[in-house]
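The values are calculated or read from the model by the stated rules, or taken from the named source; none is laboratory data. The model shown is predicted, which means the values in this text are computed figures rather than measured ones. Ideal geometry is used to build each Cβ from the backbone, glycine not excepted, and the neighbour counts take in all protein chains shown.
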Amino acid sequence: MAVKVYFIGVGPGDPELLTIRAKKIIERADVIIYADSLISPEVCSSARKGAEIYPSASLSLEEITGIIVNAVKHRKVVARLQSGDPGIYGAIQEQMAVLDEKRIAYEIIPGVSSLFAAAASLKTELTVPELSQTVIITRMEGKTPVPALENLKSLAAHQASMAIFLSASLIEKVVAELLAGGYHPDTPAAVVYRATWQDELVLRTTLKNLVERVKASGIKKQALILVGTFLSSKEKHLRSKLYNRDFKRERR
């Protein structure tokens, strides 16, 4: 294996959702840095004997990149484990910038996002014909700001399938913004806490009851909020054109 840094998406929680490529790299890595506040230690169980394993929940950017740079200097392969998929709220851009500056080679290994794990837990499709063909992935503004044109109220005007990350602790503000943006109070909503973990919790409700349900559950973090008519698709018995025998196409 080439001496480089691998940013690896290890999925939403269940170690069995690791990709084959991710597992192979973890098994052979000399140094493993994993986000222990979001990733099960079981993900590191296949690490080789003697591998250096660093939990990163309490580490700063400088400390993390310091470990990486030192490891590469000593010709060690580094596996930087991220929850879900690194491409969504992975905070890897700033880490890659340091590696670019140091001219250190790296590669990104995609993983199963908690968004798709949540959809699986809900047994739903995010893009249902005639209901929603667009998925908006966003978050509520908190300590970390969002661009002015991406505030939740503005995005809500599209009435698309909405996946709201990192916002369970701000549930009252989330609902207020969605309602102000145009969602009907009876719009289906769901919250999936720790999708695919053994303690996974799924709440199904409507937008008007979302605050009450979330507060009663005690959920404050590690949860994804989903809102939109796609959550009621099974009740509407909608069919796609793909498998409609009366719809002409080149191939299925």
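Values as computed for the structure displayed
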item	result
Some residue of region 37-56 being among the hydrophobic types (A, V, I, L, M, F, W, C), more than 27 Å from R103 (Cα to Cα) and at pLDDT 95 or above	no
Long-range neighbours under 6 Å by Cβ, at least six apart or interchain, first residue free of Cβ contacts under 8 Å to residues at least 60 places away in the same chain and in the same structural domain as G142 (by TED's automatic domain parsing) within region 170-181, second surrounded by fewer than 16 Cβ atoms within 10 Å (Cβ to Cβ) and of a type in the set (D, E, K, R)	E177/K153; A180/K153; G181/K153
Neighbours by Cβ (under 6 Å, 6+ apart or cross-chain): first from region 143-166, in the same structural domain as K221 (by TED's automatic domain parsing); second acidic (D, E) and modelled with pLDDT of 95 or more	L152/E177; K153/E177
Entirely in region 1-103, the strands (runs of 3 or more DSSP E) that have 2 or more residues that are on the phi < 0 side of the Ramachandran plot and touching a residue at least 40 places away in the same chain (Cβ under 8 Å)	5-9, 31-34, 78-82
Matching entry among V10, V43 (being over 24 Å from I164 (Cα atoms) and not assigned by TED's automatic domain parsing to the domain that holds Y193)	V43
Condition check for V78: β-branched (V, I, T), surrounded by fewer than 18 Cβ atoms within 10 Å (Cβ to Cβ), more than 23 Å from Q222 (Cα to Cα) and under 25 Å from the mean Cα position of the chain (by Cα)	no
Residues located in region 104-142, provided they are of a type in the set (A, V, I, L, M, F, W, C) and part of a helix (DSSP H, G or I)	L115, F116, A117, A118, A119, A120
Hits in region 197-211 (condition: among the β-branched types (V, I, T) and touching a strand residue (DSSP E or B) at 6+ places or on another chain (Cβ under 7 Å))	V202, T205, T206
Residue that is surrounded by the fewest Cβ atoms within 10 Å (Cβ to Cβ) [pool: residues in region 1-16 that are among the hydrophobic types (A, V, I, L, M, F, W, C) and at pLDDT below 95]	A2
Residue satisfying all of: in region 188-233; outside any loop (DSSP other than H, G, I, E, B), touching a residue at least 40 places away in the same chain (Cβ under 8 Å) and basic (K, R); surrounded by the fewest Cβ atoms within 10 Å (Cβ to Cβ) among these	K215
Region 143-173 - residue that is part of a helix (DSSP H, G or I) and polar (S, T, N, Q) and, of those, surrounded by the fewest Cβ atoms within 10 Å (Cβ to Cβ)	S154
